[in-house]
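Read through the structure below, which is laid out as structure tokens, and then see the notes.
The values are calculated or read from the model by the stated rules, or taken from the named source; none is laboratory data. Worth saying up front: this structure is predicted, and the values here are computed from it rather than measured. We place every Cβ from the backbone using ideal geometry, glycine too, and count neighbours over all the protein chains shown.
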Amino acid sequence: MSHASFWELMNFGPDGWGWSMMRAAGVTVMVALAGFILGGFIGSFGAWAKIAGNRPVRIAADAYTTILRGIPDLLVIFLFYFGGSLALSAIYRAFGGEGFVDFPGFAAGAMAIGLTSGAQHTEVFRGAYYAIHDGELEAAKAAGMTRMMMLRRIIMPLLLRHALPGLGNIWQVVLKESALVSVTGLIELARQAQIGAGSTRQPFYFFMAAALLFLMITFVSNRVFRFSEAHFSRGVRGAR
Amino acid sequence: MRLLPGIPMTLQLAFIASAFGVFFALAAALMQLSGNVVLRSIADFYVFCIRGTPLLIQIFLIYYGMGQFDFIRHSFMWPILREPYWCAIFALMFNTGAYGSQIVRGGLLSVPRGQVEAARSCGMSQVLIYRRIILPLAIRQALPAYGNEVILLLKATSLASIITLMEITGLAAKMISETYRVVEVFLVAGSLYLLINFILSRGVAVLEKRLMRHTAAERPSSRVAARGAA
């Protein structure tokens, strides 16, 4: 096979891999985003459990964060992918089907990322909650707000503002973690690069392209987070 | 237990990579803090590239990517770069070096200026200042965060299974596909990692206590103060 140059391989024409790589980058962002949002929900519950829960609830939340931060993400992805496939196959057989049903890689990946990032979300939300001053909550109470209204108007906006830098960090971690979902066969950037590398025998160029796309996604999302931090902190009098 | 043979491999990867990674971290941190623009840009670029891309891609770049070039295939490095074991160690080493450099940099920056000035006025040379004053203080400061980084590295060794290394995760994946006992294998493999991480973090805590023994008496009060501020 003739050795094509980097840009010959990555062009956007009919023979180029440009579009496939871009599409894969889109899948990467989608699976990371799905996991990030799921993790956000789990993290809110986790933070609530650690802040306001009774003893058993607190212990459960502590166990969750300790365990999920202590085992590799890849193992969790294997659990969801193989476990999900087994469960699906069992259901399929119960309805008279035959053989093995593959669990969708996207769902397995998003769930695994959600569960692992949920542990980090928990800590970020918890820290952000404690950054809210007691006085602000007391003032809301004194103004006669109900608990729901306090949550909606005072706690949530303040909490999100304090949590934003931490959330930005989690997003970076989640984005890179999403590359591991390639083990389920989901065609995201890492998997697409493997496919391209296999069929053209130019692995360096393909993994380089994937790395560059990851850097671009990181760069853009950094910007978005910095912008929203500035936006949501515009009422804050700071040292800067 | 068929997962146990994976433990030495996991530990080896983590240990060798972190032992060499520390030097990368220190070098990158010193370059970032040096006044030299060229050195600083090189280190910044290294850290930016490594932290902005997934470890998996880095592993693939080294393991699969290097073989694309004939001059590497024909070089003396090829017998090493051909081995998944060394590729995994190189990737983990570069990776932990970049993350670690930020921790080391924080540690170096935390050394009070006055201490360095005092050392200089005693007539210590730059090397001696680093060896006796800056590094011991910086290590003490950076140790807890570095312990975290080692635990992250230990978790990251699981990616070596993707390039065929049979460490804990690799054996677990193999067992799952042979026996279909997903949950059981997951529980055992997970507990192995938890156990290793637990021992690691205890070790770091003991080491930290030893390095901080001069402040043992005032510790409780400082902890209360820290909690009050949070």
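Scan A:Ala128, A:Ala197, A:Ala112, A:Ala190 and give me the residue that is within 20 Å of A:Lys50 (Cα to Cα) and within 14 Å of chain B (Cβ to nearest Cβ). Before you say what the answer is, go through the steps one by one.
Working: A:Ala197 fails: within 20 Å of A:Lys50 (Cα to Cα); A:Ala112 fails: within 20 Å of A:Lys50 (Cα to Cα); A:Ala190 fails: within 20 Å of A:Lys50 (Cα to Cα).
Of the residues listed, the single one that is within 20 Å of A:Lys50 (Cα to Cα) and within 14 Å of chain B (Cβ to nearest Cβ) is A:Ala128.
Would you mention how many residues in segment A:1-57 are among the hydroxyl-bearing types (Ser, Thr, Tyr) and under 14 Å from the mean Cα position of the chain (by Cα)?
Quick first cut of segment A:1-57, residues among the hydroxyl-bearing types (Ser, Thr, Tyr) only: A:2, A:5, A:20, A:28, A:44.
When the remaining residues are screened for being under 14 Å from the mean Cα position of the chain (by Cα), the result is A:28.
Residues meeting the conditions: 1.
Across segment B:65-75, which residue is surrounded by the most Cβ atoms within 10 Å (Cβ to Cβ) among those that are at the interface with chain A (Cβ under 9 Å from one of its Cβ atoms) and either closer than 18 Å to B:Met93 by Cβ or of a type in the set (Val, Ile, Thr) (or both)? Working first, answer last.
Initial filter on segment B:65-75 (at the interface with chain A (Cβ under 9 Å from one of its Cβ atoms)): B:65-69.
Still in the running and either closer than 18 Å to B:Met93 by Cβ or of a type in the set (Val, Ile, Thr) (or both): B:65-66.
Details: B:Gly65: 25, B:Met66: 19.
Taking the candidates together, the pick is B:Gly65.
Within segment B:123-149, track down each residue that is in contact (Cβ under 8 Å) with a residue 40 or more places away in the chain and within 17 Å of B:Lys209 (Cβ to Cβ). Steps first, please.
Restricting attention to segment B:123-149, the residues satisfying the condition of being in contact (Cβ under 8 Å) with a residue 40 or more places away in the chain are B:139-140, B:143-147, B:149.
Hits for segment B:123-149 are B:Ile139, B:Arg140, B:Leu143, B:Pro144, B:Ala145, B:Tyr146, B:Gly147.
Inspect all residues belonging to segment B:99-114 and state whether any of them is touching a Phe, Trp or Tyr at 6+ places or on another chain (Cβ under 6 Å), at pLDDT 90 or above and crowded, with 21+ Cβ neighbours inside 10 Å. I'd like the intermediate steps shown before the answer.
Step one: filter segment B:99-114 for residues touching a Phe, Trp or Tyr at 6+ places or on another chain (Cβ under 6 Å), giving B:103.
Okay, now just the ones that are also at pLDDT 90 or above, so B:103.
Right, trim to crowded, with 21+ Cβ neighbours inside 10 Å and you get B:103.
Yes - at least one qualifying residue is present in segment B:99-114.
Search segment A:64-109 for residues being of a type in the set (Gly, Ala, Ser) and either away from every other protein chain (no Cβ under 11 Å) or assigned to a loop (DSSP other than H, G, I, E, B) (or both), and hand back the single one that is farthest from A:Val174 (Cα to Cα).
Ranking the candidates gives A:Gly96 first.
Do you know which residues across segment B:25-56 are away from every other protein chain (no Cβ under 12 Å) and of a type in the set (Gly, Ala, Ser)?
B:Ala25, B:Ala27, B:Ala28, B:Ala29, B:Ser34, B:Gly35, B:Ser41, B:Ala43, listed by residue number.
Counting residues that are more than 30 Å from A:Ala25 (Cα to Cα), which helices (runs of 4 or more DSSP H) fully inside segment B:14-133 reach at least 3? Walk me through how you get there before you give the answer.
Values: elements: B:37-52, B:55-63, B:70-73, B:78-81, B:84-109, B:113-121, B:126-129.
It comes to B:37-52, B:78-81, B:84-109, B:113-121, B:126-129.
Before we move on, is B:Phe60 within 16 Å of A:Leu212 (Cα to Cα), more than 13 Å from the chain's Cα centre (by Cα) and within 14 Å of another protein chain (Cβ to nearest Cβ)? It would help to see each step written out before you state the result.
Working: within 16 Å of A:Leu212 (Cα to Cα): yes; more than 13 Å from the chain's Cα centre (by Cα): yes; within 14 Å of another protein chain (Cβ to nearest Cβ): yes.
So B:Phe60 fits the description; yes.
Restrict the check to segment A:173-187 and report whether at least one residue is without any contact (Cβ under 8 Å) to a residue 12 or more places away in the chain and either buried (at least 23 other Cβ atoms within 10 Å of the Cβ) or within 11 Å of chain B (Cβ to nearest Cβ) (or both).
Just the residues of segment A:173-187 that are without any contact (Cβ under 8 Å) to a residue 12 or more places away in the chain, to begin with: none.
Within segment A:173-187, not a single residue is without any contact (Cβ under 8 Å) to a residue 12 or more places away in the chain and either buried (at least 23 other Cβ atoms within 10 Å of the Cβ) or within 11 Å of chain B (Cβ to nearest Cβ) (or both).
Output the helices (runs of 4 or more DSSP H) that fall wholly within segment B:163-230 and possess 3 or more residues being modelled with pLDDT of 90 or more and within 11 Å of another protein chain (Cβ to nearest Cβ), or say none.
Numbers: elements: B:168-179, B:182-211, B:219-229.
Once the helices (runs of 4 or more DSSP H) in segment B:163-230 are filtered for at least 3 residues that are modelled with pLDDT of 90 or more and within 11 Å of another protein chain (Cβ to nearest Cβ), what remains is B:168-179, B:182-211.
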